[in-house]
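Novice: Got a structure here, written out as structure tokens. Questions coming.
Values quoted throughout were computed directly from the atomic coordinates according to the rules given, and no laboratory measurement underlies them. Since this is a predicted model, take the numbers as computed values, not measurements. Methodologically, a virtual Cβ is constructed for each residue, glycine included, from the backbone with ideal geometry; neighbour enumeration extends over all protein chains shown.
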């Protein structure tokens, strides 16, 4: 009887603890203007999800997360809609709604695009241009890029804190809870989750934490949470580039217009390690040209950007051949235009990376990549 009493007491204690952890708030829906609309053939509804910024402070500040619902025209549509969020982390998701009418998913189900907390159309967002501006200054005045990026990150962080933003609340776990709250607020029994890139890791987190409300996952080019991208980035780049150049060298119809490239690429880029190049560059709307210093890093950065552009992957052999011959100008100018045009990574990207990735990154492993792929 004594043991039974102890067991009952333990069960009651756990039950009381669990009851205390139940949400002390009710997620709300509020109509809002549409940042984007689906094709005119589909009915579009736009609204905010309103939830606590930090669920450990349920009576504290709230945030607004916009979402867009495109309704299927099928009178016999399924009751479980598709919900999409994008990658980055930090990229906006809402614009995806504009292409939904071309997708088979809308034939049988409604389609929801949901803006993750901290991203562009969320209130508040963690947008800041400090990191991009710091990188521009590094190029303009030939300053150490890593040091300047750190300056930009600190400025971005201080700016967001000054706005009263609780950065500890902007992470994958909270974003997963936002999706569950949206499901409940819309009274949806079951969701089909569609995530691209970073959201290919976010969606399994939703499934893990809230399995009862999920029917299926669609993971497009997923970056799972168990992969630490900083420990593998150069390995992945090397594999992607090797794949392209191997296919080029195996092309019996093309007759290798640029010769054998794989070995030449490695020899050339290893030989220019640490070498400094300069170029005259005129930024948009500027009166005077700048003398910009660049290195192997920027050339590889251009190749990496090209590998992300499916329409230009076919150009990689030609670009590699040009670079090996020292013809850098056109590519570096294009690379610099991207630097001077874009604002750099957002505060949301940095917040998620700090909480989910960099805290677990092993610097020794990251540095080993540079030994393997100089």
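Novice: Note down the nm distance, to one decimal, between modelled labels 7 Å out along Cα→Cβ at residue 315 and at residue 270.
Specialist: Going from the residue 315 label point to the residue 270 one covers 2.9 nm.
Novice: Remind me, relative contact order of the chain in percent, using alpha carbon pairs under 8 angstrom and six or more residues apart? Mind showing how you got there, number by number?
Specialist: On the way: 592 pairs, mean separation 60.9, N = 374.
Once divided by the residue count of the chain, the mean separation gives 16 percent.
Novice: Follow-up. Report the percentage of all Cα-Cα pairs in the stretch 16-136 whose separation exceeds 26 Å, rounded to a whole percent. Kindly include the intermediate steps, with their values, before the conclusion.
Specialist: Details: 2458 of 7260 pairs.
Result for the distance tail: 34 percent.
Novice: From the square roots a ≥ b ≥ c of the eigenvalues of the alpha-carbon gyration tensor of the stretch 282-374, which class results: rounded (a/c under 1.5), prolate (a/b over b/c), or oblate?
Specialist: Values: a/c = 1.89, a/b = 1.31, b/c = 1.44.
Cα axes put the stretch 282-374 in the oblate bin.
Novice: So, one more: Express the relative contact order of the stretch 27-110 as a whole percentage, based on alpha carbon pairs under 8 Å and six or more residues apart in sequence. Each step should come with its number before you reach the end.
Specialist: Values: 138 pairs, mean separation 26.9, N = 84.
About 32 percent, as a whole number.
Novice: Just from its helices, what would the mean residue ellipticity at 222 nm be for the chain, if runs of 4 or more DSSP H residues each count -39500 (n - 2.57) and the sum is divided by every residue, rounded to the nearest 500 deg cm²/dmol? Please report the intermediate quantities before stating the final value.
Specialist: Values: 12 runs with 155 residues, N = 374.
Helix contribution divided over all residues of the chain: -13000 deg cm²/dmol.
Novice: Here is a follow-up. If you count, for each residue, the other Cβ atoms within 10 Å and average over each peptide, how do 263-275, 289-301, 122-134, 228-240 line up from highest to lowest? Kindly include the intermediate steps, with their values, before the conclusion.
Specialist: On the way: 263-275: 12.9, 289-301: 16.5, 122-134: 20.1, 228-240: 14.8.
Ranking the peptides 263-275, 289-301, 122-134, 228-240 by packing returns 122-134, 289-301, 228-240, 263-275.
Novice: Relative to the longest principal Cα axis of the chain, at what angle does helix 262-271 sit, 0 to 90 degrees, rounded to 10?
Specialist: For helix 262-271, the angle is close to 80 degrees.
Novice: Could you calculate the FRET efficiency of residue 360 with residue 107 from 1/(1 + (r/R0)^6), where r is the beta carbon distance between them and R0 is 30 Å, rounded to 0.05? Walk me through the numbers before you get to the answer.
Specialist: Details: r = 41 Å, r/R0 = 1.37.
Working from the Cβ atoms, E equals 0.15.
Novice: Hey, another quick one. So what are the three principal axis dimensions of the stretch 129-263 from its Cα atoms, in whole Å, longest to shortest?
Specialist: 60, 44, 22
Novice: Moving on. Give me the compactness ratio for the chain, meaning the Cα radius of gyration over 2.2 N^0.38 Å. Write down the numbers at each step before the final one.
Specialist: On the way: Rg = 24.7 Å, N = 374, 2.2 N^0.38 = 20.9 Å.
That works out to 1.18 for the chain.
Novice: Mind pulling up the Rg/Rh value for the stretch 229-342? Radius of gyration and Kirkwood radius, both on Cα.
Specialist: Details: Rg = 15.2 Å, Rh = 15.3 Å.
Here Rg/Rh amounts to 0.99.
Novice: Next question. If I take R0 = 51 Å and measure r between the Cβ atoms of residue 26 and residue 240 in this structure, what FRET efficiency does the formula 1/(1 + (r/R0)^6) give, to the nearest 0.05? Numbers along the way, then the final one.
Specialist: On the way: r = 47 Å, r/R0 = 0.91.
Working from the Cβ atoms, E equals 0.65.
Novice: Still on this structure, I have one more. With contacts defined as alpha carbon pairs under 8 Å and 6 or more residues apart, what's the relative contact order of the stretch 229-342 in percent?
Specialist: Numbers: 86 pairs, mean separation 28.6, N = 114.
This gives 25 percent for the stretch 229-342.
Novice: Right, another one. Relative to the longest principal axis of the C-alpha atoms of the chain, give the angle of the C-alpha long axis of helix 145-162, reported between 0 and 90° and rounded to the nearest 10°.
Specialist: Helix 145-162 sits at roughly 30 degrees to that axis.
Novice: Between residue 308 and residue 209, what FRET efficiency follows from the Cβ-Cβ distance if R0 is 35 Å, with the result rounded to 0.05? Walk me through the numbers before you get to the answer.
Specialist: On the way: r = 30 Å, r/R0 = 0.87.
E(calc), rounded to 0.05, equals 0.70.
Novice: Another question, then. Quick one: Debye curve from the C-alpha atoms of the stretch 79-147, no solvent, what's log10 I(q)/I(0) at q = 0.13, 0.27 Å⁻¹?
Specialist: For the stretch 79-147 at q = 0.13, 0.27 Å⁻¹, log10 I(q)/I(0) is -0.55, -1.09.
Novice: Listed highest first by mean packing, meaning other Cβ atoms within 10 Å per residue, what order do 246-259, 343-356, 205-218 come in?
Specialist: Values: 246-259: 11.5, 343-356: 21.4, 205-218: 15.6.
So the order, starting with the most tightly packed, is 343-356, 205-218, 246-259.
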